[in-house]
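> Just dropping this structure here.
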Amino acid sequence: MEFNNVTVEVSKPIAIVTVNRPKVLNALNLETVGELGAAFSMLEQNDDVRAIVMTGAGEKAFVAGADITEFRGKAAPEMIVFAKKGHDVARIMESMGKPIIAAVNGYALGGGCEMAMACDIRFAAETAKFGQPEILLGLIPGMGGTQRLARLVGIGIARELVYAGEQITAQRAYEIGLVNRLFPADQLMAEATKFAHKLASMPSHALKMAKLATNFGYDQSLDNGLMLETQCFAHCWSHPNLEEGVAAFLEKRKANFHED
Ligand code: CO8
C-alpha cells in the first residue's frame, strides 16, 4: 500500500513506520492520521511482521503535533471528527497483537506526544523534547493526552504538563516514566530496531496475550484486571508454544517456538 505521508518498511520480522512530513516537523494532518490507521491495520494482518518501530522523518521531530494549519476556519464538529480519527488510530495501535516501539528522535509535542503514548514502549534520543503545548493555542489535548499521560506519569505531573504547556527534555521525560530508555541520537534507531527484533523473537501468542492483559487491564478495577489476566493466561494453554517452552526448560535446551 502506498501512502503520501507515511512510509512503511517491512524487513521480516519487524516493520518501521515513519511519519514523513519533515518540512512541517511531521505534523499530523487529517490525511496522515488516516494513513497511520491504515498502515497499522495492514501490519496487524501481515504475518511477516511481529514487532513495529514508529518514528519521524528527519533529525528534528518525531511528530510536532496536529497540523495547526488545518485548524483555521474549522468548526467544532469537524474537529471532533479529527480527534475521533486520532483516537481510533491510537486504539488500533493499543489493541493490535504486536508491540510498537516509539523511537522518539526529536520533538514529540501535542498529538506527537499522544502518538508516542499510544505505542507500547518509548525509546528516545537524548535530544528529544516532549510536551502537551495545546494550551498555548487556546486548546487542550485531543488525542488522549489528558487521559494517557495521567495514566503513565501520574495525575499530578500530567496536570503540570497539560496546564502549563511547557516542553520537557528527554531526561525529564525519562525521570517521570514517560520514556523507557534514552540513547544518543545516532544510536536511537539501531537500539529501537534491536529491541524490536528481541520482541519479535518472543512466542507471539504469549506476547499478544501480555499486551492485551496489560493494555486493557490497567484502567480496570484490580478485580476486573485480574479476571482479564486469568483469561489471557488460560489462553496461552491453547497454543503449542507453551508446551514447547515448558519442554525446552525441562530438557535444558533452547525453545523452538512456532512462528504464527
Ligand atoms: N503544525 C503545522 N506546522 C508545523 C507544526 C505543526 N504542529 N510544527 C511545526 N510546523 C512547521 C512550522 O510552521 C515551520 O514551517 P515553515 O518552515 O513553513 O515556517 C516548520 O514546521 C519548522 O518549524 P519551526 O520553524 O517552528 O521550527 P523551530 O525549530 O523554530 O520550532 C517547534 C520547533 C518548537 C516544534 C515549533 O515548530 C512549534 O512550536 N510547533 C508547534 C507545536 C505545537 O503546538 N504542537 C501542538 C499542536 S496542537 C495538537 O497537537 C492537538 C492534537 C489534537 C488531536 C490530534 C488528532 C490526530
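The values are calculated or read from the model by the stated rules, or taken from the named source; none is laboratory data. Just so we're clear, the structure is a prediction, and the values are computed from it rather than from any experiment. Neighbour counts are summed over all protein chains in view; Cβ atoms, including those assigned to glycine, are modelled from backbone coordinates with ideal geometry. Quick note on the areas: whole protein, heavy atoms, side chains included, nothing else; ligands and nucleic acids left out. Shrake-Rupley method; radii C 1.70, N 1.55, O 1.52, S 1.80 Å.
> Would you please give the residues with an amide H less than 5 Å from that of V104, counting only those at least 5 places away or on a separate chain, with H modeled from the backbone geometry?
Residues meeting the criterion, in which the H sits 1.01 Å from N, are F123, A124, A125.
> I would also like to ask the following. Mind checking the full-extension length gain between E160 and L242? Use 0.36 nm per residue of separation minus the Cα-Cα distance, one decimal, nm.
25.1 nm
> As a check on your grasp of the helix formula, calculate [θ] at 222 nm for the chain: sum -39500 (n - 2.57) over DSSP H runs of n ≥ 4, divide by the residue count, round to the nearest 500.
Rounded to the nearest 500, the figure is -14500 deg cm²/dmol.
> What accessible area per residue comes out for the chain, rounded to a whole number of Å², with a 1.4 Å probe?
Details: 13360 Å² over 260 residues.
Per residue, the chain has 51 Å² of solvent-accessible surface.
> OK, next. Please report how far the C-alpha centroid of segment 226-254 lies from that of segment 3-25, rounded to the nearest whole angstrom.
Taking the Cα centre of each part, segment 226-254 and segment 3-25 sit 34 Å apart.
> With the contact rule set at Cα under 8 Å and sequence spacing of 6 or more, what percent relative contact order holds for segment 204-251?
Dividing the mean separation by the residue count of segment 204-251 yields 37 percent.
> List the lysines whose Cα lies under 24 Å from the Cα of K98, skipping any in the same chain that are fewer than 8 positions away.
Partners found: K12, K84, K85, K194, K198, K208, K211, K254.
> Label-point separation (nm) for T169 and T69, each offset 7 Å from Cα along Cα-to-Cβ?
3.3 nm
> Follow-up question, since we're still on this one. Could you check the spin-label model distance between K194 and K84? Points 7 Å from the Cα along Cα→Cβ, value in nm.
4.4 nm
> Once both labels are modelled 7 Å past Cα along the beta-carbon direction, what's the E44-L152 spacing in nm?
According to this spin-label approximation, the distance is 2.1 nm.
> Report the relative contact order of the chain, percent, no decimals, based on alpha-carbon pairs under 8 angstrom and at least 6 residues apart.
Values: 478 pairs, mean separation 41.7, N = 260.
After rounding, I find 16 percent.
> Shifting gears a bit: I'd like the carbon and sulfur percentage of the solvent accessible area for the chain, probe radius 1.4 Å, heavy atoms only, ligands and nucleic acids excluded.
On the way: 7540 of 13360 Å².
Carbon with sulfur: 56 percent of the solvent-accessible area.
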